[in-house]
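To start, the structure under review is shown below, and the notes come after it.
The values are calculated or read from the model by the stated rules, or taken from the named source; none is laboratory data. What you are looking at is a predicted structure, and each value in this text was computed from that prediction instead of being measured. Cβ sites come from the backbone with ideal geometry, for glycine too, and all protein chains shown count toward neighbours. Accessible surface is based on the protein model in full, side chains and every heavy atom, while ligands, DNA and RNA are left aside. Shrake-Rupley method; radii C 1.70, N 1.55, O 1.52, S 1.80 Å.
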Amino acid sequence: MGEIMQDSELIELITKIKERKAETSKIEFKSAKGGTPEKLYDSFSSFSNTEGGIIIFGIDEKAGYKVCGIQNPDELEKKVVEQAKEMEPVVRPLISFCEYDGKTIAAAEISEMDSISKPCYYTGKGKSKGSYIRIGDADLPMTEYEIYSYDAFKYKTEDELRTNRRIDESMIDQIQLDGFIAKAVSVKPNLVNMDKKTLVTLNGLADKEGTPTICGIMLFGKYPQYLSPNLDIVAVVCASNTYAEESATGERFLVNKRLDGTIPQMLESALSFVQQNMKISTVIDESGHRNDVYEYPVKAIREIILNALIHRDYSIHTENEPIRIEMYPNRIEVSNPGGLYGRLTLDELGKTKADVRNPFIAAALEILNTTENRYSGIPTIYAEMKKAGLLEPKFENIRGTFKVTLYNEKRSENRLTEEIIDFCRKPRSKEMIAKQFGFDAKHPAYFVKNYIIPLIEEGKLKYTIPEKPRSKNQRIVVADY
């Protein structure tokens, strides 16, 4: 959002609202019958911290979304701006007005703030109580961890380098550590004249006093889970497509394990777990050779688990939360504590260099040849799923948790493509199309990226407002409409 909405855009948005009779993740209603609402802070904060949004004044949600209008536009604009100035950082709403059914309606557009400015909060409550996030159509208080995660990026907190009074040098596998030092020197010849203690410190494995860091423990500890039992992986095979739902025979989990050890050890045991519990089919190639084909591409699974181990949050806020691998009949989900870090968004995954939460862990694993290139994981996952003829992976960033889902469904998009095109014989919103075909209507980005955008690029569908692809009034329709 960078410019004030035109009257026609606002009128179309109001018409849509009256038809749907519902708030959305980006629209909030205020009747303003008695004047400007006194507490807009929650919405200012939640929109600024999430994806932006619009507060519409003059529609009474409790009266069935009746257009009641506002009495004094100048006074409302003044008071909205006054409240916006009580936010930290200051919110700068774009305010517009229109006439609808002979009544004046106002809209205040709030832009999402950049990561370095978040969390945006109401100064009257302070950061811990005045920070909100938008979930669906609700403004919810940010958790302590959500607030911390923004501050950790802003102030460059290095949780992988923290130490714990329970840990000392005796808990490090010195043989493994020496092997790492030898490899580090071989790939970085300038380190050859440095002593072991200096090298260990430079690589983030211990502090200047020689006390092992989280990085050192997770890579070379004799038993890292001594620090926290939940710095591990919980791996389950579910009996149905719903977590913990019983099968017809009364089983919830067919397999339920905890996988511990160092990061390299957990990577290998987790990969083994998934391979043991995947379906395997035999395919005969053109030369007559029999090849075993796993249900999911092993290389993609390895990258997902590796990414979870490298990029999980290692702060005190999440050390009691394990990485989770959940295998269902129709999919596999891998989630790790710690959402997307820094400025990276879901749309930018695999397309741009990311801010790295744990650069010392990532760099050490490169030296150990556990990972080839710290920025190639996401493209590899996409490529492997495409090569296997499966649906594209799904990535989600959910309140401090990052989740990757792989589906075992084969790509058979011709029929679905035809149905989408047929449904768009009339202009439809992306939310409406997503809902029609069984996808998440509140968060339709995955559906739009994988199904709508390709059809627009092929010239089969088009935007009704092509010059403003992100307009709130955007519709999608067949190209020859």
Under the condition of being under 22 Å from Thr211 (Cβ atoms) and buried (at least 16 other Cβ atoms within 10 Å of the Cβ), which residue from the range 136-161 is nearest to the chain's Cα centre (by Cα)?
Ala152
So which pairs qualify, if the first residue must be in the range 32-48 and free of Cβ contacts under 8 Å to residues at least 60 places away in the same chain, the second must be in a loop (DSSP other than H, G, I, E, B), the Cβ gap must be under 7 Å, and the two must be at least 6 apart or on different chains?
Lys33/Cys68
What are the residues in the range 239-270 that are crowded, with 18+ Cβ neighbours inside 10 Å, hydrophobic (A, V, I, L, M, F, W, C) and closer than 22 Å to Ala308 by Cβ, if any?
Leu259, Ile263, Met266, Leu267, Ala270
I'd like to know if the range 110-118 contains one or more residues that are more than 28 Å from His317 (Cα to Cα), open to solvent by 30 Å² or more (accessible area, probe 1.4 Å) and among the aliphatic types (A, V, I, L, M).
no
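Here's the yes/no breakdown for (1) crowded, with 17+ Cβ neighbours inside 10 Å; (2) modelled with pLDDT of 80 or more; (3) within 28 Å of the chain's Cα centre (by Cα):
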| residue | (1), (2), (3) |
| --- | --- |
| Phe447 | yes, yes, yes |
| Tyr451 | yes, yes, yes |
| Pro454 | no, yes, yes |
| Gly459 | no, yes, no |
| Thr464 | no, yes, no |
| Lys468 | no, yes, yes |
| Val477 | no, yes, no |
| Asp480 | no, yes, no |
Quickly run through the range 76-104 and pick out the residues that are out of contact with any Ser or Thr (no Cβ under 7 Å at 6 or more places or on another chain) and either open to solvent by 80 Å² or more (accessible area, probe 1.4 Å) or part of a helix (DSSP H, G or I) (or both).
Glu77, Lys78, Val81, Glu82, Gln83, Ala84, Lys85, Arg92, Glu99, Asp101
Hits in the range 124-149 - residues which are under 20 Å from Asn336 (Cβ atoms) and in contact with a Cys (Cβ under 9 Å, 6 or more places away or on another chain)
none
Please find, within the range 171-220, the residue that is nearest to Pro264 (Cα to Cα) out of those that are among the charged types (D, E, K, R) and assigned to a loop (DSSP other than H, G, I, E, B).
Asp173
For the range 443-481, enumerate the residues that are in contact (Cβ under 8 Å) with a residue 12 or more places away in the chain, within 20 Å of Glu109 (Cβ to Cβ) and of a type in the set (Lys, Arg).
Lys472, Arg475
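Kindly indicate which of Lys208, Lys222, Lys197 is modelled with pLDDT of 95 or more, more than 27 Å from the chain's Cα centre (by Cα) and open to solvent by 80 Å² or more (accessible area, probe 1.4 Å).
Lys222
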Filtering the range 342-372 for residues that are at pLDDT 90 or above and of a type outside the set (Gly, Ala, Ser) leaves a count of 10
Looking at Phe402, Phe423, Phe395, which is the one that is surrounded by 14 or more Cβ atoms within 10 Å (Cβ to Cβ) and without any contact (Cβ under 8 Å) to a residue 40 or more places away in the chain?
Phe423
Counted residues in the range 34-47 being touching a strand residue (DSSP E or B) at 6+ places or on another chain (Cβ under 7 Å) and either open to solvent by 10 Å² or more (accessible area, probe 1.4 Å) or farther than 26 Å from Ala441 by Cβ (or both) come to 4
If you take the residues in the range 48-106 that are within 19 Å of Glu19 (Cβ to Cβ), in contact with an Asp or Glu (Cβ under 6 Å, 6 or more places away or on another chain) and of a type in the set (Val, Ile, Thr), which one is modelled with the highest pLDDT?
Ile54
For Glu51, are the conditions met, namely being within 33 Å of the chain's Cα centre (by Cα) and in a loop (DSSP other than H, G, I, E, B)?
yes
